[in-house]
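Notes to accompany the following structure.
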Amino acid sequence: MMCQTGNEETKNWLNEADKSLLFTANRPPVVMESGEGMYMRDTEGKSYLDFIGGWAVASLGHSPAALSRALAEQSATLVHASPGFLNKPMIQFAKLLCEISGMDKAFFGSSGAEANESAIKLARKHGAVNLNGAYEIITVSGGFHGRTLATMSATGKPQWKELFAPKVEGFKHVPLNDLDACFAAVSNNTCAIMLELIQGEGGVHAVQESYLFGLRKICDMYGILLIVDEVQTGMGRTGKLFAFQHYGIQPDVITLAKGIGGGFPLSAMLTKEKYDLFQPGDQGGTYTGAPLSMAAGLAVVQEILDRDLAANAAVQGAYIKEGLELLAAKLPISNVRGRGLLIGFDVLEGTAQQLAADCLEAGLLINAVGTSTIRLVPPLIVTQAHVDDMLQLLAAVLGRQTASPTPAFIQEASKSPQGAGIA
Ligand SMILES: Cc1ncc(COP(=O)(O)O)c(C=O)c1O
């Protein structure tokens, strides 16, 4: 890893990272040290306006007071009780999430993949109990559900086909927004359909309303579960608390992570009373419902509700899209899309990683997904002034993008079958 700016301390950190970390992601040669609100700061004191938000995680921005306070209070009270005991924040958080989502029951984990694993297990349990052993789950191409073996298999990225074979069996992949293909894929073995309503990692592609209505009908007709992966879209990100609320349908299962913890590792699977099928031992984990994570989640979600940050996401998201459309009239960007603060746009083929790197250099964090798409997922606290700054920085970088040599870490990222290796 080459240190471009040359501060001794940063060089030492980068050397140490090379020595002691497994190489699981192509990272730029900076070391982040602190954060406040919409900004992160590196070990050289350089500040970055953050439109990645820890990959849609930092819903309240960096180091939010509500989260710090909750963590301090709960850690002085009870950090961990074991999953073998109830604790107060666990019960309070389950109640709150069920109330705001229209669901009845919650299971907690630590990552989005774990929430999706729980949904996959619940679907298979439903198949075993109610559908004569049906076990197959239909998922949508271009979706992303995590990096455990089962969620990688559910994801079905073509680049992952040969990785870690053999894959977990029982997943069928169908094209996005093709209802006939999904209908054709349903068989006696099907126990669930699982999808994101806006594919985040896949490049910010939304499901059509008629498609989702059709999926709901198919699920009702055959008694199979509709699982909506709201790990990225959930908790205000798209301008409503949950993306499914834009469509007026109710899923049978939803999975949440990222934004509900505001940076604290936390996930949840929510379902209806009717699918309360797990028996003790079917699903669990040492950290399920741990008091510290539950207190963090409660504080973050309550703050999102109290400040109506979903509404802010809708307003600022529309403002960002307007600004990007204006830029698109003059600069090589196109296909501005997305909802709320999950926004994508296309750049010239092969230039997305370079644009993200140039923006980093200019003090702006944006995320390249694939080779020609940029994704913006800023904290939900973003203001119009931050958006203006972002648009100005982006326009300046796009305007001076020249044939300057591509840094080594970007060349590596574009060669790697997993892209930048971060979701
Ligand atoms: C829609 C979706 N589902 C699941 C995951 C996996 O979440 P985690 O990385 O917390 O396991 C992600 C991560 O980006 C995601 O975007």
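The values are calculated or read from the model by the stated rules, or taken from the named source; none is laboratory data. Just so it is clear, the model here is predicted, and its values are computed rather than measured. Please note: Cβ atoms are built from the backbone with ideal geometry, for glycine as well, and neighbour counts cover all protein chains shown.
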Next item on the list: Pick out the one residue from Ala115, Ala165 that is of a type outside the set (Lys, Arg) and touching a strand residue (DSSP E or B) at 6+ places or on another chain (Cβ under 6 Å).
Entry: Ala115
Margin query: Among (1) in the same structural domain as Met40 (by TED's automatic domain parsing); (2) of a type outside the set (Gly, Ala, Ser); (3) touching a residue at least 12 places away in the same chain (Cβ under 8 Å), there is one condition Glu322 misses while meeting the rest; what is its number?
Written below: (3)
Check: Where residues in region 384-420 are in a loop (DSSP other than H, G, I, E, B) and surrounded by 15 or more Cβ atoms within 10 Å (Cβ to Cβ), which of them is modelled with the highest pLDDT?
Finding: Gln401
Checklist line | So Ala314, is it part of a helix (DSSP H, G or I), under 30 Å from Val397 (Cα atoms) and under 19 Å from the mean Cα position of the chain (by Cα) | finding: yes
Next item on the list: Would you mind listing the helices (runs of 4 or more DSSP H) fully within region 79-155 where at least 3 residues are without any contact (Cβ under 8 Å) to a residue 24 or more places away in the chain and of a type outside the set (Ser, Thr, Tyr)?
Entry: 88-101
Check: Hey, among the residues in region 242-258 that are away from the ligand (no atom under 11 Å from the Cβ) and assigned to a helix (DSSP H, G or I), which one's surrounded by the fewest Cβ atoms within 10 Å (Cβ to Cβ)?
Finding: Gln245
Margin query: Take the conditions assigned by TED's automatic domain parsing to the domain that holds Leu86, surrounded by 24 or more Cβ atoms within 10 Å (Cβ to Cβ), within 25 Å of Pro89 (Cβ to Cβ) and of a type in the set (A, V, I, L, M, F, W, C) and apply them to Ala295. Does it pass?
Written below: yes
Check: more than 16 Å from the ligand (Cβ to nearest atom) and either surrounded by fewer than 20 Cβ atoms within 10 Å (Cβ to Cβ) or in contact (Cβ under 8 Å) with a residue 12 or more places away in the chain (or both) - does that describe any residue in region 193-201?
Finding: no
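Tell me, yes or no, whether region 267-275 has at least one residue that is over 13 Å from Leu96 (Cβ atoms), crowded, with 17+ Cβ neighbours inside 10 Å, more than 15 Å from the ligand (Cβ to nearest atom) and not charged (D, E, K, R). Before the answer, list the steps.
Residues of region 267-275 that are over 13 Å from Leu96 (Cβ atoms), as a first pass: 267, 269, 271-275.
Now drop any that are not crowded, with 17+ Cβ neighbours inside 10 Å, which leaves 267, 269, 271, 275.
Filter once more, so that each one left must be more than 15 Å from the ligand (Cβ to nearest atom): 271, 275.
Add one more test, that the residue is not charged (D, E, K, R), and what stays is 271, 275.
Within region 267-275, one or more residues are over 13 Å from Leu96 (Cβ atoms), crowded, with 17+ Cβ neighbours inside 10 Å, more than 15 Å from the ligand (Cβ to nearest atom) and not charged (D, E, K, R).
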